[in-house]
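Chemist: Can you read through this structure? Questions will come right after.
The values are calculated or read from the model by the stated rules, or taken from the named source; none is laboratory data. None of the values given here were measured: they were computed from a predicted structure. Please note: Cβ atoms are built from the backbone with ideal geometry, for glycine as well, and neighbour counts cover all protein chains shown. Note: areas computed on protein heavy atoms with side chains; ligands, DNA, RNA excluded. Shrake-Rupley method; radii C 1.70, N 1.55, O 1.52, S 1.80 Å.
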Amino acid sequence: MMLSPVYLGLIAIAADLVFTGLLSVWMRPHIDKNRNGQIDASEVTRISDAPHDVIPVGKSLFDITTVPLITVLLNAWQFAFCYGLMAVLTCNLLLPADSPISWIAAVWITFLSLIFMCAFCNNGVHVATAHMAHFVYYLCGFIPMAMFKANPPESDVWILVLVIVARLALFVGMKFYVWPKYPVFYKLNPLFTRDPQDGRLIPFSTPEMVEADPELKATLHRTVNFKKAELGNLTSLHVPFPTYEILNMNVSSWFAGGAVVAWIVSCVVAKAAISGGDGNVSDAVVFGSVAAVSGVVVGVFVWWVPMKPEVSKWISLTHYYPRTTATLCFIAGAVLVSTQLVVARKGDGAALAVVIVAHAFHLIGMGLYAFAYAAVVRYFGFAASFKRLFSFVGGHGGVFIVTAGSRPYV
């Protein structure tokens with residue numbers, strides 16, 4: 001007898017609870033190495049604290065340069081969506097539509113894609129990100145599950161949402177248990193501002209300065225809690241990361257932007273066709289609408305918005321043609337999703353050219369995984385990245401690392 005999606009979902013949650021609990025109990029002693037009930041800065045492997053290691057413009061992929069704090073906060077939503085999207089579209093190809101557990105497998109594959117993102121693509125961002133923020137970002141990564149071909153029927157779709165929320169709640173709960181009292185990013189990384197004229201980096205704080213200056217600590221605390229008096233710091237303060245991470249942010253966030261625009265426009269056009277009595281909206285209307293809206297978005301947000309040195313991440317990526325890269329990635333994301341939706345809607349009736357383009361751009365999107373790994377594999381290898389992800393001894397993350405107190409900040 002085939003179990004209903006509700007029973008399967010509840011079984012999946014129960015199994016997840018047992019697995020996460022056992023994993024947490026095993027991991028805790030390996031992470032809280034001094035057994036003091038909190039994660040100290042010295043127990044977190046992090047990017048170099050030395051200001052002289054940080055340069056205004058990244059030339060090599062491994063140079064450490066900076067990105068505005070607000071950019072990290074916003075782009076994290078986008079690149080999580082991007083890696084979730086690629087996982088879901090891949091599941092549509094590989095998982096059978098008639099299997100009752102395909103949607104559960106897709107949830108876990110999407111989650112593992114997000115873990116890959118944290119381990120390789122944006123590991124510095126991962127290390128600097130608070131536990132609760134992971135819940136929000138990963139939730140954005142699960143939004144593309146709405147595109148999965150074998151979700152539970154509409155009457156039972158709530159169990160899909162419950163399984164996702166349970167997975168994220170257990171994941172974040174594990175983080176609070178295994179990494180208790182995790183240090184805030186300004187206790188791990190130096191912060192900078194940029195000269196508005198020439199983009200020169202100006203040191204703002206180091207972890208040691210924060211500990212020694214209660215007023216500075218209070219200012220940064222108000223900033224991360226979005227207090228009105230300090231909101232300007234979100235755009236003026238810059239956080240250092242390796243160039244390959246900032247480049248990956250630019251690529252994946254604009255790819256996600258194109259995907260979201262194409263998804264919204266395609267759904268609106270299809271809905272309008274159904275409301276007008278013509279359910280067979282033509283491909284030309286869909287693609288033309290997506291192209292028109294995409295052109296406006298790219299024209300305004302990529303090319304019209306000025307690239308101010310003190311607030312733009314593109315300054316750090318000058319050697320990598322950031323606006324051109326953003327445009328191409330936005331187009332790729334829009335083409336991928338608009339063609340995938342047409343294929344999903346029409347099935348075998350989709351035009352061969354549309355099917356070919358859909359699969360071709362899917363392959364291009366999968367290159368994000370290869371890019372992330374290729375950017376760092378020669379520098380630190382496969383195992384060390386996961387050691388860094390989980391703060392195990394020996395995980396250096398492929399960037400210039402210091403342990404607290406091992407070298408001067410200046």
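Chemist: In terms of Cα to Cα distance under 21 Å, which lysines are near enough to Lys227, apart from those fewer than 8 places away along the same chain?
Modeler: Of all the lysines, those that pass the test against Lys227 - Cα under 21 Å, at least 8 places apart if same chain - are Lys187, Lys217.
Chemist: Can you list the DSSP H helices in the chain whose Cα atoms extend at least 18 Å along the helix axis and whose mean Kyte-Doolittle hydropathy is 0.5 or higher? List each step's numbers first, then the result.
Modeler: Values: long enough: 5-31 (37 Å, 1.34); 69-94 (38 Å, 1.65); 102-116 (21 Å, 2.03); 157-178 (32 Å, 2.25); 243-275 (48 Å, 1.16); 283-298 (22 Å, 1.98); 322-346 (36 Å, 0.93); 352-374 (33 Å, 1.80).
Those that clear 18 Å and a mean of 0.5 are 5-31, 69-94, 102-116, 157-178, 243-275, 283-298, 322-346, 352-374.
Chemist: Over the chain, with the other protein chains present, what is the accessible area per residue in square angstrom, probe 1.4 angstrom?
Modeler: Heavy-atom accessible area per residue stands at 44 Å².
Chemist: Would you kindly work out the equivalent ellipsoid of segment 64-111 from its C-alpha gyration tensor and give its semi-axes, the square roots of five times the eigenvalues, largest first in whole Å?
Modeler: Values: eigenvalues 206, 16, 11 Å².
Taking √(5λ) for each eigenvalue gives 32, 9, 7 Å, largest first.
Chemist: Could you please state how large a percent of the accessible area of the chain is carbon and sulfur, counting protein chains only and using a 1.4 Å probe?
Modeler: Numbers: 12800 of 18190 Å².
So the carbon and sulfur contribution to the accessible surface is 70 percent.
Chemist: Could you rank the peptides 158-168, 81-91, 203-213, 335-345 by their average count of other C-beta atoms within 10 Å per residue, with the highest value first?
Modeler: On the way: 158-168: 18.3, 81-91: 25.9, 203-213: 16.5, 335-345: 22.9.
Ranking, from highest mean packing down: 81-91, 335-345, 158-168, 203-213.
Chemist: Taking the inverse of the average 1/r across all pairs of different Cα atoms in segment 317-358, what Kirkwood radius in Å do you get?
Modeler: On the way: mean 1/r = 0.0869 Å⁻¹.
With all distinct Cα pairs of segment 317-358 included, I get 11.5 Å.
Chemist: Here is a further query. If the cut-off is a Cα-Cα distance under 21 Å, which lysines reach Lys59, setting aside same-chain residues fewer than 8 apart in sequence?
Modeler: Lys308, Lys313
Chemist: Here's something else I'd like to know. Based only on Cα atoms, what Rg/Rh ratio does the chain have, Rh being taken as Kirkwood's radius? Could the numbers behind the result be given before it?
Modeler: On the way: Rg = 22.4 Å, Rh = 22.7 Å.
Radius of gyration over Kirkwood radius for the chain works out to 0.99.
Chemist: Continuing with this model, one more query. Would you mind calculating the gained length between Asp283 and Ile115 on full extension (0.36 nm times residue separation, minus the Cα-Cα distance), in nm to one decimal? Spell out each step's value before the answer.
Modeler: Details: separation 168, 0.36 × 168 = 60.48 nm, distance 3.56 nm.
That pair, Asp283 and Ile115, stretches by 56.9 nm at full extension.
Chemist: Along the Cα-to-C-beta direction of Gln38, a point sits 7 Å from the Cα; which residues of segment 93-135 have their amide N less than 20 Å from that point?
Modeler: 127-133
Chemist: What translational D, rounded to a whole number of µm²/s, comes out for segment 26-143 from Stokes-Einstein when the hydrodynamic radius is the Kirkwood one over Cα pairs, at 25 °C and 0.890 mPa s? Spell out each step's value before the answer.
Modeler: Values: Rh = 16.7 Å.
The estimated diffusion coefficient comes to 147 µm²/s.
Chemist: Moving to a separate point now. What is the calculated FRET efficiency for Thr324 to Asp53, with r their C-beta to C-beta distance and R₀ = 25 Å, to the nearest 0.05? If you can, show how the numbers build up before the last one.
Modeler: Values: r = 28 Å, r/R0 = 1.14.
With R0 = 25 Å, the Cβ-Cβ based efficiency is 0.30.
Chemist: Quick check on the chain: helices-only [θ] at 222 nm, where DSSP H runs of length 4 and up contribute -39,500 (n - 2.57) each and the sum goes over total residues. Nearest 500, please. Walk me through the numbers on the way to the answer.
Modeler: Working: 14 runs with 240 residues, N = 410.
When only DSSP H runs of four or more count, the value is -19500 deg cm²/dmol.
Chemist: On full extension of the chain, what length is gained from Ser155 through Glu208, given 0.36 nm per residue of separation minus the C-alpha to C-alpha distance? Intermediate results must be reported in sequence, preceding the final value.
Modeler: On the way: separation 53, 0.36 × 53 = 19.08 nm, distance 5.47 nm.
That works out to 13.6 nm of additional length.
Chemist: Got the relative contact order for the chain handy, in percent, Cα pairs under 8 Å and 6 or more residues apart?
Modeler: On the way: 609 pairs, mean separation 106.6, N = 410.
Worked out over the chain, it gives 26 percent.
Chemist: From the C-alpha coordinates alone, can you work out the Kirkwood hydrodynamic radius of segment 148-279, in Å? Display every interim value, and only then the final one.
Modeler: Working: mean 1/r = 0.0506 Å⁻¹.
19.8 Å is the Kirkwood radius here.
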